[in-house]
Amino acid sequence: MNGTFISDLRNSDGTRTTNYTGSLAGAFSTMASLGASGCGFEQHLRAAQVALDEHPANVGFRRPDAALVVVVLAEDEDCSAGSTALFSPDASLGPFGSFRCFRYGVTCDVGGATPDDMNVPGIKAGCRSNEGSTVIAPVAPIIAFLETLVSDPRMLLLAVIAGDPEPVEVALITPPGGGSGAGHQSALLVPRCEPHRDRPARCSPGAGRQFRPPQCARERLRRIHRSDEGDRPAGPQPRRRSLPHVGDRHAR
């Protein structure tokens, strides 16, 4: 592929101009295969914001007449950093690990009204994004930014491919092998469905990747689904299960 994003343009004579060889599906599969190593602080929403905010590597990606589709494929909580303190070994934030994303990025009516409550093992219910967190970035401003990129809100589609958000339970576990080695804790608080990988975190602002199964809580990512369906203008609405045909296709 030639470039930082896939380009597939329909010409007036019916032919197409592409910047890749082979099939579109094959080009996307190659680009999307990033592996499962790296930092455990996954910043799904911040990554989308940075990529679309006049990033020099993506010049030409956005077009004023095109729909904007943001799809998050996740098996972990969103951990978009609200402060570099997230990546600090500061003991006041708890052990240095991705449980911080859940503890400070999510709040629950039952068992999780404060970060300290979120740090206590047990069942949590009525969970949602913690928009008042100073450690994890609030979701609302990121969504507001995405809405500025289109002239009509019907041209913006946000979607999440993730596991069930419930039930939510925090448990204290012992890492495989006892958690020996630099960067490990002898016991870790984790969402109940999350197995711990016995490895140190390797993180910096803007990075993120760690394995979790698809049954984990996804409270912050749930927040990106629009709740104002009744306020949308009259007329045809974009479908959530398929995309309308467009002549020019860009994918990143």
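Observations on the structure shown:
- Number of residues in the stretch 97-113 that are in contact with a Pro (Cβ under 7 Å, 6 or more places away or on another chain) and either free of Cβ contacts under 8 Å to residues at least 12 places away in the same chain or among the basic types (Lys, Arg) (or both): the value is 1.
- Filter result for Gly40 (within 14 Å of the chain's Cα centre (by Cα) and either surrounded by 15 or more Cβ atoms within 10 Å (Cβ to Cβ) or part of a loop (DSSP other than H, G, I, E, B) (or both)): yes
- Cβ-Cβ contacts under 6 Å between residues 6 or more apart (or on different chains), taken from a first residue in the stretch 1-19 that is closer than 20 Å to Val59 by Cα to a second residue that is assigned to a strand (DSSP E or B) and aliphatic (A, V, I, L, M), are listed as Ile6/Ala251; Thr17/Leu9.
- Restricting the stretch 114-130 to residues that are under 23 Å from the mean Cα position of the chain (by Cα) and without any contact (Cβ under 8 Å) to a residue 24 or more places away in the chain, the residue that is farthest from Leu86 (Cα to Cα): Gly126
- Note on the stretch 43-63: residues that are in contact (Cβ under 8 Å) with a residue 24 or more places away in the chain, part of a loop (DSSP other than H, G, I, E, B) and charged (D, E, K, R) total 3.
- Qualifying positions in the stretch 57-83 - surrounded by fewer than 17 Cβ atoms within 10 Å (Cβ to Cβ), out of contact with any Leu (no Cβ under 7 Å at 6 or more places or on another chain) and more than 19 Å from Ser129 (Cα to Cα): Ala57, Val59, Gly60, Arg63, Pro64, Asp65, Ala66
- Residue within the stretch 28-36 that is assigned to a loop (DSSP other than H, G, I, E, B) and touching a strand residue (DSSP E or B) at 6+ places or on another chain (Cβ under 9 Å) present: no
No lab work stands behind these numbers, since they all come straight from the coordinates. Just so you know, these numbers come straight off a predicted model, no measurement behind them. Quick reminder, even Gly has a Cβ in these numbers, built from the backbone with ideal geometry, and neighbours come from all protein chains shown.
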